[in-house]
Amino acid sequence: MARPAKFTHDQILDAALAAVSRHGVHATIGQVSEEIGAPVGSIYHRFASREDLFVTLWLRSIRRFQVGLLAAAAMDDARAALTATVVHLPRYCRRHPDEALAMTLYRQQSLVATAPASLVAQVSTVNDEVEAALAELCARRYGQVTDQQRMLVAMAVQQCPYGLVRPFIGGDVPLWLDDVVAASSSAILALGDDIGADSGIQESTHQVGEPGSGPFGHIVIHSGQRCDLGTRYVGGDGVAGPQAVG
């Protein structure tokens with residue numbers, strides 16, 4: 001009879017999380033081994049490679065973050081739900097700095113092409129439930145929704161909060177940042193209130209992108225140039241945009 005494993009799947013992931021917190025996003029299997037007090041071979045017995053371990057950790061961290069995000073998005077009042085989804089990010093990152101750092105390990109769009117074969121399906125679909133919830137929330141906020149309103153929701157709920165919170169990820173997230181994130185996102189969402197068939201305001205040619213990186217997504221801006229949250233983008237005018245992830 002085979003001996004029961006000394007360390008569980010989650011215990012090894014917890015050790016990987018601790019290694020990322022202590023050593024950064026380039027933590028090694030050896031450093032994970034030190035955190036858990038297990039031989040490197042024991043870790044490889046559970047996870048075939050470093051990528052297998054750290055992609056699994058990334059997926060777990062994304063899903064843990066999304067629990068509160070989806071709960072906020074499900075609130076009855078659409079405006080309150082949008083505010084709650086927006087401030088969930090700084091509050092979660094404040095309470096769980098290690099998990100927040102682990103969410104920056106990979107970008108979904110790039111990871112789909114490089115993840116271990118056994119994890120590609122999970123990586124491809126990890127944001128699907130959130131994207132569907134935000135689409136439904138957008139419809140509840142604006143009624144008959146235009147592409148520009150969808151883009152504004154993506155910017156307000158995903159790009160804007162992440163850009164503001166990103167410099168603090170892995171460290172102390174100040175309490176005042178909640179108000180900054182809420183105010184900024186509310187201003188963006190308010191722009192969508194004046195967009196509609198009878199408003200006299202024409203829609204822009206900007207398009208909404210497919211689901212994006214990590215828990216935050218991406219949108220298409222500057223005449224089809226995609227802005228991944230986690231990448232420096234270059235706009236249609238050739239000017240570099242904001243650096244979101246180092």
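Read the figures in this text as sums done on the coordinates, not as results from a lab. If you're wondering where the values come from, they're calculated on a predicted model, not measured in any experiment. Glycine also receives a Cβ, built like all others from the backbone with ideal geometry; neighbour counts cover every protein chain displayed.
The simple Förster model, with R0 at 30 Å and r as the Cβ-Cβ distance, assigns Arg63 and Asp194 a FRET efficiency of 0.25. Between Asp76 and Glu34, the modelled labels are 5.4 nm apart [label points 7 Å from Cα along Cα→Cβ]. Of the two radii for the stretch 1-112, the radius of gyration is 1.08 times the Kirkwood radius, both from the alpha carbons; that is the Rg over Rh value. In loop segments of the stretch 26-68 as defined by DSSP, there are no GluC sites (Glu not before Pro) with at most 10 further C-beta atoms inside 10 Å of their C-beta.
In plain terms, the residue of Thr146, Thr104, Thr85 with the fewest other Cβ atoms within 10 Å comes first and the most crowded comes last, giving Thr146, Thr104, Thr85.
Placing a label point 7 Å from the Cα of Arg50 along the Cα-to-Cβ direction, the residues of the stretch 6-37 with a backbone N closer than 15 Å are 16-17, 19-21, 23-34. Sequentially through the stretch 89-104, phi angles give Karplus couplings (6.51, -1.76, 1.60; θ = phi - 60°) of 4, x, 5, 5, 5, 6, 6, 10, x, 5, 5, 4, 5, 5, 5, 8 Hz, Gly and Pro residues having no value and appearing as x.
Both numbers refer to the Cα atoms of the stretch 55-207; Rg and Dmax are 16.2, 51 Å.
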